[in-house]
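Report on one structure; see the data block that follows.
Every read-out reported here was derived from the displayed coordinates using simple, explicitly stated rules and does not represent laboratory data. Quick caveat, the model's predicted, so the values are computed rather than measured. Using ideal geometry, Cβ is built from the backbone for each residue, glycine included, and neighbour counts are taken over all protein chains shown.
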Ligand code: SF4
Ligand code: SF4
C-alpha cells in the first residue's frame, strides 16, 4: 500500500509536468483513481465511525427539515447558543489556532526546527475551519441566507459577527493558499507550485493578522452579554483572553493530533524524523507552558480588575477555580516538567488536559456560566442529537484528513522537483 | 434612583493589581529557570 | 432637471450615504435625529395598568399572532405564573405582589436608543429606525446573537419552525408609517400606555412624578438605563420589585464592543508590517544563505 503511493510521487520527477494531464479525461481518471479507498477498509476505526457519521448525516437532514427546536436541539429562548456554536465553532477555531502560531514560528521567525510539521498543521487548521466553522450552517436558523453578509444584504459593519464571518471566509482562503503547494505537488503541477510557493509569505502574513482578529473576535461576540455572563468570566478583555488561549489551545491540538498521526501514518515518516519529532514536541510544550503561565496571571488579574474577587467563595467561584487551577495551572506545570524531562507521555497528557480546559472555558462563555442565575433544572444541556451531529462532523474531518495525508505530501517528503526552493 | 449616583471607585483594584504584577515578576524568575532547565539529554 | 431639483436629489443622496449604511457608526444613534426626526416611544405607567391584557390581544391581532383568551377567569390563571415575551407574544402582562399591593407590568422590547441587538446584527436585519423603532427584517441569517446581546432578553426565536424568524415588538412600525397609534396603546382602556416622541413622553413622565411625588418613585426606568430607551416606565415601587434589572448600567450596550471593533483597523495596519519586518530581520545574510540552502536540500531528500 505504501509502495503504491510512493510510486506516484517517485514517478513525478522523471516526467516534465508530473502526472501530466493532456486531456481533461486524464485528470478525471486521476481524480477517480485517487478517490478510491486504499488499503483495508474494515478497520476498527472505520467500523465504529461510519455508522456514527451516517446517523449524523440523517440527523442533519432532519435538522434542516424541521428546524432547531426540540428534540433536535435543547436550545431555548434563555440559551440561544449551545454545543454547536460553543464547541464546534468557537472551540474548534481555538483548536485550529495551531496553524497560525506555527506559521508565525516557521515562516516569520524562521525556526526551521518546526518546518517538518507545518503542512500537517496547516491542513488540519484548514479542515477544522471547513468543517467546524462550516457547522455554523447547521446552527444558524436561517441558513439559506448565510451569504447575505458577503453579498451586502446587508453589510452590518457595526457587528463583531460581521468581522468574524468575513475572517472565517478569508482565512480559509489564506490557509488554502498556504497548503496549496502540497496539492500542486500531488497533481504534479510544477509551474503552479512555484507561484503558490511565492504566495506563501503573503498568505502567512495575512493569515496571522486575520487569526489574531477573529480568535479574539470570537471572544468579542460575547461583549454585549455583560449582564448574563458570570462576573468571574466577563471582562472587557475577553478578546485578549481568547487570543492568548488560542495559542496554547492550538499547540495542544498540534501535539495531540501529531502524536496520533505519527503513530497511524508512521510508515510515511522515516526514523530520523521520529527522533527529530520528539524535539519538536518538547519545544511546543515549552511554548504552551509559557503561554499558559501568562494566561493564568491574566485570568487572576482580570478577576481583581473586574472587582469580582468576592464571587470566588460561591459555587460558580469553585467552578472558576476548578478551571483555572485544574486546567491552566496544572497543565502549565506538566508541560514545563514534561519538557524538562523529555517525557513525551507527560506532554501528551498535559495537551489533553489543556484541550479539555479550553472546551470548558469556551462552553462557560456560551452556556455554562451564561445566564448563570438560571436554576440548574432549567439550564441548557446538549441533546443526544446535537452530540451525534458534532461527533459525525469531527469524524468526517478525520476521514478527510486521512484521505489527504494518504495522497498528498503532507507527512512524507515532497517530490524532489519541488524541494529546490521553499519559501 | 439613588444607586445610580453613589460614588464608585473604579480604580479600587489598581493597588492589588500592581501587587500581583510584582508577584508575577518574582515567580517568573523561578518559572523561567524551571522551563529552561533540561535534565537528561 | 432644474438646478433646484438636482441639488435636492444630490443633497438627499449625500445625506443618505452618510447617514445610511456604511458610514454611520453606531454612535450617531445617540444624536437621535440626524434626519430631523425624533425617536418615538411609549410611556408605561404601571400604576394605571389593571392587568386586563387587552394590549396583548390587540398586539396579537395587529401582528398576526395567536389571539389570547383574555376573559377574566382566564386572566387570573395566566397571571399566576411569571411570564416572559415569547415567539408568539410580543407583549405580556406580568403580575407582581409588592409592598404597595398587586402591580401589573406590561413587558416588551424597550426600543433602546442604541440597541445591543442592532449593533450585534451582521446583516442589519435588526435596525434602529430614525423614528426610534427597532425592527427585524427577513434578511436575517438566524445567528441569534441579537438574543445574546439584548440586555432585556427580548428577541425570541422560532425554534420549532423550519423557516424560523426572530420575533419581537417593533413598536408597530407599519402602523406608525400610516399615522396610526401602536395597537396596544389604542386598546388600553386606562391610559396606562401613552405614545409620543421620546421627548414628549419623558416630559409627561417627569410631570406625573412631580405632580404626585408620593405616588411614584422618583425614577423613570429607561431614561438612562443602557444609554436610554424609547420605552419608559413609571412605578410606585422600586423597580427591582417589579422585575426590572437595576444592574444594567447606563452605558449604551454597543459601547461594550467598540473597544474591540475600533482596534481592528490598527491591527490590520500594524501586524502585517511587524511580521514582514521580523521576517526580513530573521533572513540569513548572503554568506549564510549557501549553507542554509544546503541544509534545506538535505532535509528535503529524506
Ligand atoms: S430591548 Fe432588546 S430587542 Fe429591544 S431594542 Fe433594546 S436591545 Fe433590541
Ligand atoms: S439572529 Fe438575525 S436579526 Fe438577530 S443578530 Fe442574527 S442575523 Fe441579526
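Rounded to the nearest angstrom and ordered from largest down, what semi-axes does the equivalent ellipsoid of the range C:108-263 get from its C-alpha gyration tensor (root of 5λ)?
Values for the range C:108-263, descending: 28, 20, 14 Å.
For a label point 7 angstrom out from the Cα of residue A:52 toward its Cβ, which stretches of the range A:222-264 have the backbone nitrogen within less than 20 Å?
A:253-264
Would you order C:39, A:256 from fewest to most other beta-carbon atoms within 10 Å of each residue's own beta-carbon? Numbers along the way, then the final one.
Numbers: C:39 24, A:256 18.
The order, fewest Cβ neighbours first, is A:256, C:39.
By DSSP, what percent of the beta bridges with both residues in the protein assembly as shown are antiparallel, rounded to the nearest 5?
85 percent
At R0 = 60 Å, how high is the FRET efficiency between residue C:276 and residue C:207 if r is their beta carbon distance? Nearest 0.05 is fine.
Details: r = 64 Å, r/R0 = 1.06.
So the FRET efficiency works out to roughly 0.40.
So what are the three principal axis dimensions of the range C:183-243 from its Cα atoms, in whole Å, longest to shortest?
Per principal axis, max minus min of the Cα coordinates gives 28, 26, 23 Å.
What is the Cα coordinate range of the protein assembly as shown on the first, second and third principal axes, sorted by size from largest, in whole angstrom?
Here the Cα extents, ordered largest to smallest, are 93, 67, 62 Å.
Could you compute how fast chain A diffuses translationally, taking Rh as the Kirkwood radius over C-alpha pairs and applying Stokes-Einstein at 4 °C with viscosity 1.567 mPa s? Give it in µm² per second.
57 µm²/s
For chain A, set up a Gaussian network in which alpha carbons nearer than 10 Å are linked by springs, and say which option among A:77, A:268, A:341 fluctuates the most.
With Cα springs under 10 Å in chain A, the top fluctuation among A:77, A:268, A:341 is at A:77.
In which sequence would C:149, A:266, C:71, A:383 go, from the one with the fewest C-beta neighbours within 10 Å to the one with the most?
The order, fewest Cβ neighbours first, is C:71, A:266, A:383, C:149.
Residues of A:266-273, mean number of Cβ from any other protein chain within 10 Å of their own Cβ, rounded to a whole number? Provide the component values of the computation, followed by the final result.
Values: counts 0, 0, 0, 1, 1, 1, 2, 2.
Partner-chain Cβ atoms within 10 Å, mean over residues of A:266-273: 1.
Which whole-angstrom value gives the distance between the alpha carbon centres of the range C:182-252 and the range A:29-90?
Comparing the Cα centres of the range C:182-252 and the range A:29-90, I get a distance of 49 Å.
Report the residue, chosen from A:210, A:368, A:59, that carries the largest GNM mean-square fluctuation when chain A is represented by alpha-carbon nodes joined by springs under 10 Å.
Most flexible of the set in this elastic network: A:59.
Kindly put C:56, C:255 in sequence by how many other C-beta atoms sit within 10 Å of each C-beta, fewest to most.
If I rank by nearby Cβ atoms, fewest first, I get C:255, C:56.
Per DSSP helix of 4 or more residues, -39500 (n - 2.57); summed, then divided by the residues of chain A. What does that give at 222 nm, rounded to the nearest 500?
Counting only the DSSP helices, I get -21000 deg cm²/dmol.
Hey, with R₀ at 25 Å, roughly what FRET efficiency would residue B:30 and residue A:325 work out to, going by the Cβ-Cβ distance, to 0.05?
0.90
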